[in-house]
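Beneath this line is the structure, given in structure tokens, with notes to follow.
The values are calculated or read from the model by the stated rules, or taken from the named source; none is laboratory data. Just so we're clear, the structure is a prediction, and the values are computed from it rather than from any experiment. No Cβ is skipped: glycine too gets one built from the backbone with ideal geometry, and neighbour counts run over all protein chains shown. All accessible areas refer to the heavy atoms of the entire protein, side chains included, with ligands and DNA or RNA removed. Shrake-Rupley method; radii C 1.70, N 1.55, O 1.52, S 1.80 Å.
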Amino acid sequence: MPDASDLLNEARRELARFPMLLELLVGELDEATWRARPVPGEWAPVEIVCHLRDEETEDFGARVRLILEGGTRFEPNDPKRLAVDRQYHQANPSDALAAFRARRMTSLDLLASVAPARLLGTAERPNGGRLSGLDLLASWVAHDRLHLQQLAGTLARLWADRWAPLQVEYAGPIPYEGRRRGDYTSQ
């Protein structure tokens with residue numbers, strides 16, 4: 001079992017770095033790029049940021065709080081449904097990014113007050129199995145990084161498609177299969 005204190009300290013550091021990385025990656029996107037999907041069925045940058053905003057308090061933050069409060073069962077979470085129900089694609093990107101930053105600061109304040117041993121508690125997942133607070137902390141950082149990868153891949157695909165027929169694949173494999181220029185606004 002990893003040392004709870006080490007994981008908490010490293011996770012807090014990594015979680016604190018992420019908003020800056022996110023801002024650097026998407027902060028100056030134009031409106032069309034914010035809403036462009038790399039392929040049908042994948043999320044546009046604005047949808048990814050809205051997802052991060054909501055996961056901050058309704059998934060990771062809520063689940064860590066539940067463990068700290070002695071709860072025993074997590075509530076179900078359906079990110080794909082939330083994206084549709086909350087109309088992530090129509091959201092204001094600047095507002096979503098600002099809300100994410102504010103929520104992350106609240107999460108970091110909570111984590112700064114946690115005694116590491118309290119993260120050893122576990123709760124049952126809706127689909128079975130148990131997660132500890134340590135599992136959640138490690139997953140939270142991994143979740144941030146997975147979405148950085150998703151955003152980077154989306155932006156690489158949008159860039160490559162924008163400049164087609166130039167051979168942008170010379171740079172290396174570009175995630176998502178390319179589309180014709182101008183196909184982004186119809187989704």
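Taking the simple approach of a point 7 Å from Cα along Cα-to-Cβ for both S113 and R17, what is their distance in nm?
Here the modelled spin labels are 2.7 nm apart.
Which loop-located trypsin sites (Lys or Arg not before Pro) does region 69-118 contain, where loop means any DSSP state but H, G, I, E or B and the Cβ has at most 13 other Cβ atoms within 10 Å?
Values: sites: R73, K80, R81, R86, R101, R103, R104, R118; in loops: R86.
Passing sites in region 69-118 do not exist.
I'd like the orientation of helix 133-162 relative to the chain: the angle between its Cα long axis and the longest Cα principal axis, in ° from 0 to 90, rounded to 10.
That works out to roughly 0 degrees.
Compute the signed sum of charges (Lys and Arg +1, Asp and Glu -1) over the other residues within less than 10 Å, Cβ to Cβ, of V141. Show your work: numbers first, answer last.
Numbers: positive: R12, R13, R17, R145; negative: E10, E14, D144.
Neighbour charge sum, excluding V141 itself: +1.
When only the heavy atoms of the protein chains count and the probe is 1.4 Å, how do V39, V49 rank by accessible area, highest first?
V39, V49
Quick one: net charge around P93, please, counting Lys, Arg +1 and Asp, Glu -1 for every other residue with C-beta under 12 Å from its C-beta.
Within the 12 Å Cβ shell, the charges total -4.
Assuming 0.36 nm per residue, please report the length gained on full extension of the stretch E75 to M105 beyond their Cα-Cα distance.
Stretched fully, the E75-M105 segment lengthens by 8.5 nm.
Taking percent of Cα pairs over 30 Å apart as the quantity of interest, determine which of (1) 33; (2) 57; (3) 27 was computed from the displayed structure.
(3)
If I model a spin label as a point 7 Å beyond the Cα along the Cα-Cβ vector, how far apart are those points for W159 and L120 in nm?
Between W159 and L120, the label points sit 4.7 nm apart.
Suppose each label sits 7 Å from its Cα in the direction of the beta carbon; what would the N127-A142 distance come out to in nanometres?
1.4 nm
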